[in-house]
Amino acid sequence: MKRVLTYLAIGAAVLSSCSKSGVSDEFLESDSVSLEVGGKTVLAYEPLTCQYAYNAGKKQFRLSDDSFSSYYVLELSKPINGKMKEIECNLEWNTDKSSGSGTYTFKIEKFDGEGRWWLSNKKKKIGVSFIIPK
């Protein structure tokens, strides 16, 4: 009986870390600019070792490490606003953990008054967060 309870506890812990959006709860709770693929953070902004840029004209966000070996580039199809539920974006990334590119429809999970946005694509299990500077 003890073994069954242990398995149940482990299973509950694993299930609780995934949200219905296909990304982890940790991703949705984090204030960091980051990219998550398959439930794992593959790139997160670190002030001492990363660069982050926003091009308003292209509606494009870039996060990279200082050597440019790990990066993501996210380009919105149109200006984003709080009334939208979804947005189509081009996303390209390359890290030591994962790489890919494509056009994806992202659900807008949340946004805050500081310009932070959290997007997810449940089918591909991709989460991307960014900040639009004021």
How many angstrom lie between the C-alpha centres of the range 91-134 and the range 31-68? 10 Å
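Once the other residues with Cβ under 14 Å from the Cβ of Y54 are scored (Lys, Arg +1; Asp, Glu -1), what is the net sum? Could the numbers behind the result be given before it?
Numbers: positive: K58, K59, R62, R116, K134; negative: E75, E114.
Local charge sum for Y54: +3.
Give me D for the range 25-109 in µm² s⁻¹, whole number, from Stokes-Einstein with Rh from the Kirkwood sum over alpha-carbon pairs, 25 °C and 0.890 mPa s. Provide the component values of the computation, followed by the final result.
Working: Rh = 13.6 Å.
The estimated diffusion coefficient comes to 181 µm²/s.
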Apply the Karplus parameterisation 6.51 cos²θ - 1.76 cosθ + 1.60, with θ equal to phi minus 60°, to every residue of the range 22-27 and state each ³J(HN,Hα) to the nearest whole Hz, in sequence, with x for glycine and proline. x, 10, 6, 4, 4, 4
What ³J(HN,Hα) values, in whole Hz, does the Karplus curve 6.51 cos²θ - 1.76 cosθ + 1.60 give for the range 119-127 when θ = phi - 60°, with x put for Gly and Pro? 10, 9, 10, 4, 4, 8, 6, 10, x
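Excluding G113 itself, what net charge comes from residues whose Cβ is under 15 Å from its Cβ, given Lys and Arg +1 and Asp and Glu -1?
Working: positive: K110, R116, K134; negative: D31, D112, E114.
Net local charge, G113 excluded: 0.
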List the residues, sorted by chain then number, that are 5 or more residues from F106 or on another chain and whose placed amide H is less than 5 Å from its amide H. I87, E88, C89
Amide H neighbours of V42 under 5 Å, counting only residues 5+ apart in sequence or on other chains, H built in-plane at 1.01 Å? L35, E36, V37
Using θ = phi - 60° and the Karplus relation 6.51 cos²θ - 1.76 cosθ + 1.60, list the HN-Hα couplings for the range 51-66 in order, rounded to whole Hz, with x at every Gly or Pro. 10, 10, 9, 10, 10, 5, x, 8, 6, 10, 10, 10, 10, 8, 6, 5
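Take the Cβ-Cβ distance between K123 and L48 as r, set R0 to 30 Å, and report the resulting FRET efficiency rounded to the nearest 0.05. Show your work: numbers first, answer last.
Numbers: r = 35 Å, r/R0 = 1.16.
After rounding to 0.05, the efficiency reads 0.30.
FYI, it's all coordinate maths here, none of it is from the lab. Predicted model only: the values in this text are computed from it and were never measured. Please note: Cβ atoms are built from the backbone with ideal geometry, for glycine as well, and neighbour counts cover all protein chains shown.
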